[in-house]
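First up is the structure itself, then whatever we jot down about it.
Read-outs throughout are calculated quantities, based only on the coordinates presented, and are distinct from any laboratory measurement. Since the model is a prediction, treat every value here as computed from it, not as a measurement. Here the Cβ positions follow ideal geometry from the backbone for every residue, glycine too, while neighbour counts run over all protein chains shown.
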Amino acid sequence: MNPRILLLLFFCLITTGREKLNADDYTFFVRQVQMPWQLQWDVAVQKQGSQQSPLAVNPNGARFELWAVKATPLTSYQVDTTYVNSYIPVATVKISSDDPYQVIPRTRADKPFTVTIVTNGLTSNPTAPAAAQQVKILRHNQSYPEGSDGSNINRANATLYSQGSINTNSTTTLVYPQTVVPAPNGDFTKIRGEERFSVYSLADYQAPESQLSSEFIQIWPVARTSIAGITASTEVKAAAPNVTISLSDLYPESFTYAVSVSLRPSCHPLALPRPIVLAAVRRCDDWSGP
């Protein structure tokens, strides 16, 4: 029998602050790769919905890759992947952080994130093939070049940080207080890169080792600022000095405000220092993929 499977695709648009993070700028397709011959077939899909796989799944299984494509500039991102076979277990990897952006997980270098791995279809029968009894977990990290958004890196060059295995049908939750992406010159606040968590099946006589599920989280540096033209002891009277505020490594889709606090005495006994917004800077370029 050459079964076809139903593809289920879910994409969510969310609203944060004043703006909707727009996934409508992207088109999506699923690539089916037949094992073991690596025959490929692409089919366009909507950002939400379900449809039948383009090819029947043969006895050696098939890998399904979900891709997002941005038109300007023309860039493609592999969002997710899964492998299907007659007795290969099923696994999903989901990464979350304090950042609610949902198309590609992202966080700041000094913030924690959570990895949730769900496994099903594993058997405890000791006579079953090893590929039916356990799966392998891999954790990779990779730095981005200075100024890079990660869209042009070769992920085959990622560094394997650790690996393990799961042999039960379960939900495994892993909380990481901080990334393991290498810190440039020992400064963890300047980390720019990604971590990838993947679940692989074991190789057996019927199919090679295959990726069941994978997801990566982008890590962005901590923003920095410097102020020139004024010091903490400067007293501003009639004319304000020329002040220069320099900002670097602003977080994607973030707002940064420069605020002045007036400490002039008031005739009202309950008067409080009055904040004045001098300038507002928004990083509106979405450097985190689709």
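What list of ³J(HN,Hα) values in whole Hz, one per residue of the stretch 91-97 in order, does the Karplus curve 6.51 cos²θ - 1.76 cosθ + 1.60 (θ = phi - 60°) give from phi, with Gly and Pro shown as x?
Whole-Hz 3J(HN,Hα) from phi for the stretch 91-97: 9, 9, 10, 10, 10, 10, 8.
For the stretch 151-226, what is the relative contact order in percent, using Cα pairs closer than 8 Å and at least 6 residues apart in sequence?
Details: 69 pairs, mean separation 17.7, N = 76.
Answer for the stretch 151-226 is 23 percent.
Any chance you could check the Cα centroid distance between the stretch 181-232 and the stretch 93-153 for me, in angstrom?
11 Å
Tell me, in nm to one decimal, what length is gained between Ser170 and Ala183 on full extension, where the rule is 0.36 nm per residue of separation less the Cα-Cα distance?
Values: separation 13, 0.36 × 13 = 4.68 nm, distance 3.36 nm.
Result: 1.3 nm gained on full extension.
Per-residue counts of other Cβ atoms within 10 Å, averaged by peptide: what ranking do you get for 33-39, 194-200, 238-244, highest first? Present the calculation step by step, with values, prior to reporting the outcome.
Numbers: 33-39: 13.7, 194-200: 22.1, 238-244: 9.1.
Highest mean packing first, the order is 194-200, 33-39, 238-244.
Determine by what factor the alpha-carbon radius of gyration of the stretch 205-244 differs from 2.2 N^0.38 Å, reporting the quotient.
Details: Rg = 27.0 Å, N = 40, 2.2 N^0.38 = 8.9 Å.
Rounded to two decimals, the normalised Rg is 3.02.
Let me check the size of the stretch 57-206 from its C-alpha atoms; what are the radius of gyration and Dmax in Å?
Cα-based Rg and Dmax for the stretch 57-206 come out at 17.3, 53 Å.
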